[in-house]
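Here the structure comes first, spelled out in structure tokens, and everything after it is commentary.
Here, each number is a calculation from the coordinates, and none is a lab measurement. Computed from a prediction, not measured in an experiment: that's the story for all the values here. Using ideal geometry, Cβ is built from the backbone for each residue, glycine included, and neighbour counts are taken over all protein chains shown.
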């Protein structure tokens, strides 16, 4: 091809792409709320306009199953589990020594997660913690990313209250799911701590009254100076134990509201940008929400891993 002709084709493609983007931006602007505020009734046809968003914090009931209310966020979490099970089944049903593309992708993801966990916790504890940490990470990130698929939250059906409700909604935006994950994280961390250090030794960091009792015994023996000094330090140890117990409980609250708040705020932000200038303006926010979903999954799984390491570590290692 002559050089001039090739340059001409490239220029035409560039100009055509710019014109297409300009037309798309103009159509997006005049079909959104901002364009409607300027043009009034001269805007785009109604089928191109985006309805005004109505964010709702509580999940909507879709139907009842054996008397149990099933919400749209619960349906979305079931969909997440089906997608994850399907991916791993497809990637492992025909295992080969020389893996195909999907098997290679799945093995690479699992290996990266395993290396991360073992790099922080060590090989022995890493293998022990890996199933829970990987499950939390994959479940949270898949919940976040599935909700960004076009059409995910647009399907309306008649709900349990005989009113139109959305069939699917991001599972991470229902406070019950982050709370459930936080409770599971708390239960497993305490279980690992108890099984690694023994019940009495592990609980001693929360209920540490040994110094108080020893000091009271010294006072009763007439050693007032030593007893009173030890009583003061023993009271400090007991107070520190109370703070340790409170920190364990507060962790559940912080885990819950961190994930719930970030995911809910992101969903509302995307809905508002879709309403103001659809098609174009939400694109960078979709990319931002993909990053936020990854970060939140990493934080939830990473903090669970750190607290598990602290729980199984001996007191000397803490120092």
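A straight chain from residue 78 to residue 23 at 0.36 nm per residue would run longer than the Cα-Cα distance by 15.9 nm.
Helix 224-276 sits at what angle to the longest principal axis of the chain, using alpha carbons and giving 0 to 90 degrees rounded to 10? Around 10 degrees separate the two axes.
Note the angle between two axes, namely the Cα long axis of helix 72-92 and the longest principal axis of the Cα atoms of the chain, as a number of degrees from 0 to 90, rounded to the nearest 10. Around 90 degrees separate the two axes.
Per residue of the chain, the DSSP helices (runs of n ≥ 4 H) give a summed -39500 (n - 2.57) that works out to -24500 deg cm²/dmol at 222 nm.
If R0 is taken as 35 Å, the Cβ-Cβ distance between residue 156 and residue 110 corresponds to a FRET efficiency of 0.40. For the pair residue 183 and residue 279 in one chain, pulling the backbone fully straight at 0.36 nm per residue adds 30.7 nm over the alpha carbon distance. Does anyone have the angle between helix 210-220 and the longest principal axis of the chain? Alpha-carbon axes, 0 to 90°, nearest 10? That works out to roughly 20 degrees. Dividing the C-alpha radius of gyration of region 61-318 by 2.2 N^0.38 Å, with N its residue count, gives 1.34. The order of the peptides 151-157, 270-276 by mean Cβ neighbours within 10 Å, most packed first, is 270-276, 151-157. Remark: the Cα gyration tensor places region 98-154 in the oblate category, a/c being 1.5 or greater and a/b not exceeding b/c. Put the Cα centre of region 73-138 next to the Cα centre of region 229-285 and the gap is 26 Å.
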